[in-house]
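Below is one structure, written out as structure tokens, with a few remarks after it.
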Amino acid sequence: MAEEKKVVRKKIEAAVQMNRYMSDYFYELNEADKTRSRKIAWCTSVGPAEILRAMGFLVHFPENHGAMLGATRMATDMIPIANASGYSPEICSYLTADVGAYMKGVTPLSRAYPGIDRVPRPDVLVYNTNQCRDVQDWFAWYAAEFKVPLLGIHTHRGVKDVGDAHVASIASQMKALIPQLEAISGNKFDIDELRHVLTLSKECSSLWKKVLDTASAMPSPITFFDGTIHMGPAVVLRGTQTAVDYYNLLLAELNVRINNKVAAVEGERFRLYWDGMPVWGRLRDHSDLFAGAGVNVLASTYCNSWIFSAFDPEDTFNSMARAYTELFIVRADDAKEAYIRRMIEFFKVDGIIYHDAKTCPNNSNCRYGMPQRLEALTGVPSLTINGDLNDLRLVSDEQTKTNVEAFIEQLEEK
Amino acid sequence: MKDFQPVFAGIDVGASRTKAVILDCAQQIIGRAVVKSGTDFEAASHQCLTLALLMAGCTAEQIAKAMTTGYGRKNVAISQESKTEISCHARGCYYYFPQTITIIDIGGQDNKIIKLDESGKRLSFKMNRKCAAGTGAFLEEMSTRLDIPLENLDGLARQSMSMVELGSFCTVFSATEVLEKIRQGKKVPDIVKGLFFSVIKRVMEMDSLSEHVVMTGGVVAHNSYLVKMTEEMIGRRILVPDFPQLTGAIGAALYAQTIMNYEL
Ligand code: SF4
């Protein structure tokens, strides 16, 4: 029988430390929730977390919780609960999984962190529509549920070049949040504190970039699948010293790998770029599928989303406005294409995998002819796989496997 | 008897049918068979290979190399070697038509569009999404609903004078639509032609076509009218290999031979 090869995964040692930091983060939030000793804000993952931290809030990120629901494969059972209450199976499956889990009274946090039995209750919810409209509706549901204020920033979408007018508009929306946040937190806004948080956030972002850039080494010391795990601190802890410490540690380990020519995927035969979201409930399977064939999916648009190069502590609001608008997901297709072309060259990739996630059109970049245009321009072949970030009812494992194997055979015959 | 002649076997374990082909050293097809895959892929592949060997007048010992492909390619013990059906269909079609081609394969449970350049190198491929709309499964379901044997569909479609077009993507909704058309008094041949048309439309949505188009797959093998309809739709002739259902198995056997030559 044509046996599948057993894949030996190379462990990243720093992960132990990351797990500790993540655990501290969740227990701190849980403590604040139980004792109401500190105010809690919920924030979108590419939202104005820095402002919230600078004003003394502890920050919970529902998208992170959504991803945990996906990774633990709880999501598929939770989504129908939200569907039944009017939230379509066609919309963001982070939203439906998260709301469904809340309705059922369960959370993956309880499995990972004994003693935590619920997500921390918010004092305020703050979204940024730079990524999609779903976050606004998602947070609105909780605002009604918890009867707490809902604040938001409405970002321009489909932006080709980020101009001063875009920046001015977002910066002023950010400033407009301050008086409301002061009232909720009971803390006076302090620009120096924001500068401090932004300095740490910038440092985290630039270290995270360096971590991801190690994948340009041949062989690459890291995979995209590692990236999706290790981006945790960049999402939930940026703006803290902890995140900076963590990425220094991780970067050092990866640099040692590079120096010793240690490959994340043994015998790296092909190097692929992943565009779109991961299929959280299939991270391990997908990682094994590629690694088993000696293929490293080593870089992605998704993990790069937490790089905010424009942050400037000397120009806080404008630079945050720019950084959060310059993100890939906010941009027009020409800007996105130029970006992916740079990535193809920088990471020296042999092919691109586009994940067409059914419930997230915002992160699925293969729906307006981009793969065809890029392939014509660069000659780098691509494969689109249909699936979803969280809803495994939309994932066909056999189809994915055959498609991926056929794509690798195509690369072999090149 | 060709007792001591080495031969090469290709077994395509499809979700619906298992196909086997025996090639001789001159790449001639000397044995072939098709059986239902059922639920026991191992038994089906064994039976299919035995039948193909019988036709070839060969024994299993003569098989110098075997290669499996298709949905169940990794579930059968016949061979250590497997390749995806995408690669094997491409190889099998190029064997018949060595030029720049677009292959449309309509199988029992999935459809593929594969593009090859003039040297046979694969440029791209697309498989249908999870949904079975536009595959053989759709026609099977409809034949059950209409209570018409599957093998009669082709003849019925040919009798159509005025095709009834169906609008839905979904197999289940299409079934409802078909019942509605029957209630409206539409003729069965016209509905069946509409079903064929719906299959073609689903496939055409998957990718663009190059100048030379090849059609393969079990659905094509048993419904040649589908090819004629597609020709009318795209306005040019379509190439169909001798055994449209066997191209995957032929490709697998050709790969087996290449590997053997390489190993020698
Ligand atoms: S970007 Fe996609 S996954 Fe993220 S919140 Fe919006 S719809 Fe959901």
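The values are calculated or read from the model by the stated rules, or taken from the named source; none is laboratory data. In this text, all values refer to a predicted model and were calculated from it rather than measured experimentally. Backbone-built Cβ (ideal geometry, glycine too); neighbour counts: all protein chains shown. With ligands, DNA and RNA removed, areas are computed over all heavy atoms of the protein, side chains included. Shrake-Rupley method; radii C 1.70, N 1.55, O 1.52, S 1.80 Å.
A few points about this structure:
- Projected label points at B:Lys201 and A:Leu377, each 7 Å from Cα along the beta carbon direction, are separated by 3.4 nanometres.
- Alpha carbon centroid spacing (whole Å) that separates the range A:34-53 from the range B:108-126: 51
- Computed log10 I(q)/I(0) for the range A:128-277 at 0.14 Å⁻¹: -0.94, from the Debye equation with unit scatterers placed on every C-alpha and solvent omitted.
- Sorting A:Asp190, A:Asp117 by accessible area puts them as A:Asp117, A:Asp190; the probe is 1.4 Å, largest comes first, and only protein heavy atoms count.
- Sites matching trypsin sites (Lys or Arg not before Pro) across the range A:176-276 that sit in DSSP coil, with at most 10 neighbouring C-beta atoms within 10 Å: A:Lys188, A:Lys261
- FRET efficiency estimate (nearest 0.05) - Cβ-Cβ, B:Thr144 to B:Cys25, R0 51 angstrom: 0.70
- Solvent exposure of A:Glu337, expressed as accessible area, is near 30 Å², computed with a probe of 1.4 Å over the protein chains only.
- Taking all protein chains together and a 1.4 Å probe, the residues A:Phe346, B:Phe138 rank A:Phe346, B:Phe138 from largest to smallest accessible area.
- With all protein chains in place and ligands, DNA and RNA left out, the 1.4 Å accessible area ranks B:Leu150, A:Leu125 as B:Leu150, A:Leu125, largest first.
- Computed magnitude of the charge dipole of the protein assembly as shown (debye, nearest 20; Cβ of K, R +1, Cβ of D, E -1): 360
- Kirkwood Rh, Cα atoms: Rg over Rh of the range A:258-414: 0.99
- Additional length obtainable on full extension of the chain from A:Asn248 to A:Glu413, 0.36 nm per residue less Cα span: 55.4 nm
- Here is the tail figure for the range B:61-135: Cα pairs spaced more than 15 Å apart come to 60 percent of all pairs.
- For chain B, the longest principal axis of the Cα atoms and the long axis of helix B:188-204 meet at an angle of about 60 degrees.
- Whole-Hz ³J(HN,Hα) from phi, Karplus 6.51 cos²θ - 1.76 cosθ + 1.60, for the range A:155-169, glycine and proline x: 8, 5, 10, x, 7, 7, 10, 6, x, 4, 5, 4, 4, 4, 5
- Rolled with a 1.4 Å probe across the full set of protein chains, the surface gives A:Glu253 an accessible area near 40 Å².
- Under 5 Å from the amide H of A:Arg331 lie the amide H atoms of A:Gly158, A:Val159, each residue being 5 or more positions distant or on a separate chain, with H modelled from the backbone and absent for Pro and chain starts.
- Karplus-derived HN-Hα couplings along the range B:13-28 (A = 6.51, B = -1.76, C = 1.60, θ = phi - 60°), whole Hz, x at Gly and Pro: 8, x, 5, 10, 10, 9, 10, 9, 9, 10, 10, 8, 5, 8, 6, 8
- Amide H contacts of B:Leu239 (H built 1.01 Å from N, under 5 Å, at least 5 apart or other chain): B:Val213, B:Val214, B:Met215
- Net charge of neighbours whose Cβ lies under 15 Å from the Cβ of B:Asp190, counting Lys and Arg as +1 and Asp and Glu as -1: +2
- Computed over neighbours whose Cβ is under 15 Å from that of B:Ser168, the net charge equals -1, Lys and Arg +1, Asp and Glu -1.
- Volume per residue that the Cα convex hull of the range A:15-413 spans, once the total is divided by residue count, Å³: 127
- Pairs of Cα atoms farther than 20 Å apart, the range A:110-169, %: 47
- Label-point separation in nm, A:Asp312 to A:Arg133, each point 7 Å along Cα→Cβ: 3.4
- At R0 = 60 Å, FRET efficiency that the Cβ-Cβ distance of A:Ala335 and B:Thr59 yields, to 0.05: 0.40
- Accessible surface of the range A:15-413, 1.4 Å probe: 51 percent of it comes from carbon and sulfur atoms.
- Using distinct alpha-carbon pairs, which all enter the 1/r mean, Kirkwood radius of the range B:1-46 in Å: 11.3
- Spatially, the range A:190-268 and the range B:39-96 are offset by 48 Å when compared through their Cα centroids.
- Ranked from largest, the principal axis spans of the Cα set of the range B:100-240 equal 52, 30, 23 Å.
- Computed accessible area, B:Val219, all protein chains, 1.4 angstrom probe, square angstrom: 10
- Remark: relative contact order (chain B) = 24 percent; criterion is Cα-Cα distance under 8 angstrom and separation of 6 or more residues.
- Percent of C-alpha pairs per 5 Å bin, chain B, short to long: 1, 6, 14, 17, 17, 15, 12, 8, 5, 3, 1, 0, 0, 0
- Dipole-positive endmost among A:His154, A:Pro371, A:Phe290 within chain A (Cβ charges, Cα centre): A:His154
- Candidates A:Asp333, A:Asp275, A:Asp388, ranked by Gaussian network fluctuation over chain A, Cα under 10 Å, top entry: A:Asp333
- Each pair of Cα atoms in the range A:39-113 enters the Kirkwood radius, and Stokes-Einstein at 10 °C and 1.306 mPa s then converts it into a translational diffusion coefficient of 123 µm²/s.
- Each residue of the range A:203-209 was assigned a 3J(HN,Hα) from its phi angle through the Karplus expression (A = 6.51, B = -1.76, C = 1.60, θ = phi - 60°), giving 5, 4, 4, 6, 5, 4, 4 Hz with x at Gly and Pro.
- Taking label positions 7 Å along the Cα-Cβ direction at both A:Lys160 and B:Glu232, the computed distance is 4.5 nm, reported to one decimal.
- Once backbone amide H atoms are built at 1.01 Å from N, A:Ile352 has A:Tyr273, A:Ser382, A:Leu383 as its partners under 5 Å, excluding neighbours fewer than 5 places away on the same chain.
- The range B:2-98: projected area of the alpha-carbon convex hull, averaged over directions, in nm²: 5.7
- A 1.4 Å probe run over the protein chains yields, for the protein assembly as shown, 40 Å² of accessible area per residue, whole-number rounding.
- Farthest toward positive dipole pole in chain A [+1 Lys/Arg, -1 Asp/Glu at C-beta], among A:Phe311, A:Leu394, A:Gly186: A:Gly186
- For the pair B:Phe169 and A:Thr72, a Förster radius of 51 Å applied to the C-beta separation gives a FRET efficiency near 0.95, rounded to the nearest 0.05.
- D_trans [Stokes-Einstein, Kirkwood Rh over alpha-carbon pairs] for the range A:57-101, 20 °C, 1.002 mPa s, µm² s⁻¹: 208
- Inter-chain neighbour count for A:380-389: the average number of beta-carbon atoms from partner chains within 10 Å of each residue's beta-carbon is 2.
- Cα pair distances in the protein assembly as shown, grouped into 10 Å bins until the bin that holds the longest one, percent each: 3, 14, 22, 22, 17, 12, 7, 2, 0, 0
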